[in-house]
1. How crowded by other chains is B:36-45, given as the mean number of beta carbons from other chains within 10 Å of each beta carbon?
2. So, with +1 on the Cβ of K and R and -1 on the Cβ of D and E, and no other charges, what is the size of the charge dipole of region A:1-51 about its Cα centre, to the nearest 20 debye?
3. May I ask you to give the average projected area over all directions of the convex hull of the Cα atoms of the protein assembly as shown, in nm² rounded to one decimal?
4. With a Förster radius of 30 Å, plug the Cβ-Cβ distance of residue A:82 and residue B:39 into 1/(1 + (r/R0)^6) and report the FRET value to the nearest 0.05.
5. When the dipole is taken about the Cα centre of the protein assembly as shown, and only Lys, Arg (+1) and Asp, Glu (-1) are charged at their Cβ, what size is it in debye, to the nearest 20?
6. Please get the size of the charge dipole for region A:1-111, origin at its Cα centre, with Cβ charges of +1 on Lys and Arg and -1 on Asp and Glu, quoted in debye to the nearest 20.
7. In whole Å, how far is the Cα centre of region B:22-64 from that of region A:1-55?
8. For the pair residue A:15 and residue A:56, what calculated FRET efficiency results from E = 1/(1 + (r/R0)^6), where r is the Cβ-Cβ distance and R0 = 22 Å, to the nearest 0.05?
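We did not get these values from a lab; they are worked out from the coordinates using the rules stated. Everything numeric in this text was worked out from a predicted model, so none of it was measured. Don't worry about glycine lacking a Cβ; one is built from the backbone with ideal geometry, like all the others, and counts go over all protein chains shown.
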Amino acid sequence: EADIYQTPRYLVIGTGKKITLECSQTMGHDKMYWYQQDPGMELHLIHYSYGVNSTEKGDLSSESTVSRIRTEHFPLTLESARPSHTSQYLCASSVSPGLGTDTQYFGPGTRLTVL
Amino acid sequence: GQNIDQPTEMTATEGAIVQINCTYQTSGFNGLFWYQQHAGEAPTFLSYNVLDGLEEKGRFSSFLSRSKGYSYLLLKELQMKDSASYLCAVRGGSGGYQKVTFGTGTKLQVIP
């Protein structure tokens, strides 16, 4: 079973608030990812990191920012939440030694509702 | 970029066999994954193929043909709990930079 955690699991906040979604993994994986997924819809990659101090934007434009100061921690921050940010946010991690598998392990997700 | 195509929805009967297809286009292909995602939950890893052929894991098998850009996930002895979305994901890219891209998923409904 993968050891990747997300907090909070559910969050309801008002417009304009600053929020940080936490993601931690204890597997020592070098790569970490954030995905956004609406109910019944496809996964959209919004941020990824290939190691400490490395962050990149994903395929879907997002107003969020991320940081990777420690290997195990990859928080996502929204400076000013809006109703359009309402979605499920999934964090994942993987390890890629050379031509390894890069299997991604997902956290349980944070379901965000912005009123 | 990478293009991945899989059917949107499928329905199958409990106890039967179902095959979910995935076709892809990518440069520098380096592996194909299948994930299962139940409604409201996170995806979980099912299988990985990097060489041509069939990989079997209990009731689930995955096949890959790199020359055809084609894979399928085969589910045998279907159970009601197999009702979920099945995501095909491809690892590829050029110039030493590789990424994993997910398809839109196939929603499988198992009926009695």
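1. Average per residue, whole number: 5.
2. Using only the charged Cβ atoms, the result is roughly 300 debye.
3. Projected over every direction and averaged, the Cα hull of the protein assembly as shown covers 12.4 nm².
4. 0.70
5. For the protein assembly as shown, the charge dipole is close to 300 debye.
6. The calculated dipole for region A:1-111 is roughly 380 debye.
7. Using only Cα atoms, the two centres lie 22 Å from each other.
8. 0.20
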